[in-house]
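The values are calculated or read from the model by the stated rules, or taken from the named source; none is laboratory data. This is a predicted model, so every value here is computed, not measured. Neighbour counts are summed over all protein chains in view; Cβ atoms, including those assigned to glycine, are modelled from backbone coordinates with ideal geometry.
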Amino acid sequence: MLVREIKINGTRIGNGNPLLLIAGPCVIESERECYNTAKRLKEITAELNIPFIFKSSYDKANRTSIDSPRGPGLKKGLKILKNIKDKLNLPILSDVHSKDEIKEAANVLDVIQIPAFLCRQTDFVISVART
């Protein structure tokens, strides 16, 4: 099977390159918590020589409970993720939920994730892929 190599912020993925870790809080609950988590994960992965992409969501629209935290929303959430990206020099991954978010999110994110609940929405998936 042919595996394509991609490069994200200097990290090579696929085609025999080392496994990398994508980790972070499921949803941004506070700027401080998110930053401290990213900083600690960066320290741990650097010690272990593991490539790392930080992941957290600015809006978790697909929740099992209406009372679960959804996050700070697009504008504030992207600002928090950009701050982490700039201060810690980390590649950032988050998910998008609508076509309207894609362009703005792409200005901050190194990797755009499509939530499982939206992966069968063909027009949406194509819009993300074209970004």
Exclusive hit being in contact (Cβ under 8 Å) with a residue 24 or more places away in the chain, surrounded by fewer than 13 Cβ atoms within 10 Å (Cβ to Cβ), closer than 26 Å to residue 20 by Cα and out of contact with any Asp or Glu (no Cβ under 8 Å at 6 or more places or on another chain), set 82, 87: 87
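From 81, 90, 41, 19, grab the single residue that is part of a loop (DSSP other than H, G, I, E, B) and out of contact with any helix residue (DSSP H, G or I) (no Cβ under 7 Å at 6 or more places or on another chain).
When all the criteria are applied, what remains is 19.
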Selection within the stretch 1-16 - among the hydrophobic types (A, V, I, L, M, F, W, C) and assigned to a loop (DSSP other than H, G, I, E, B): 1, 2, 3
Residue list for the stretch 44-79, filter: surrounded by fewer than 20 Cβ atoms within 10 Å (Cβ to Cβ), closer than 17 Å to residue 21 by Cβ and touching a Ser or Thr at 6+ places or on another chain (Cβ under 9 Å): 51
Restricting the stretch 1-43 to residues that are among the hydrophobic types (A, V, I, L, M, F, W, C) and over 29 Å from residue 69 (Cβ atoms), the residue that is surrounded by the most Cβ atoms within 10 Å (Cβ to Cβ): 13
Pairs where the first residue, in the stretch 1-26, is over 15 Å from residue 111 (Cβ atoms) and the second is of a type outside the set (D, E, K, R) and modelled with pLDDT under 85, C-beta under 6 Å, 6+ apart: 15/3
Any chance residue 77 is modelled with pLDDT of 95 or more and small (Gly, Ala, Ser): yes
Every residue from the stretch 105-129 that is modelled with pLDDT of 90 or more, surrounded by fewer than 17 Cβ atoms within 10 Å (Cβ to Cβ) and part of a helix (DSSP H, G or I): 106
Residue 59 being in contact with a helix residue (DSSP H, G or I) (Cβ under 7 Å, 6 or more places away or on another chain), outside any helix (DSSP H, G or I), at negative phi and not small (Gly, Ala, Ser): yes
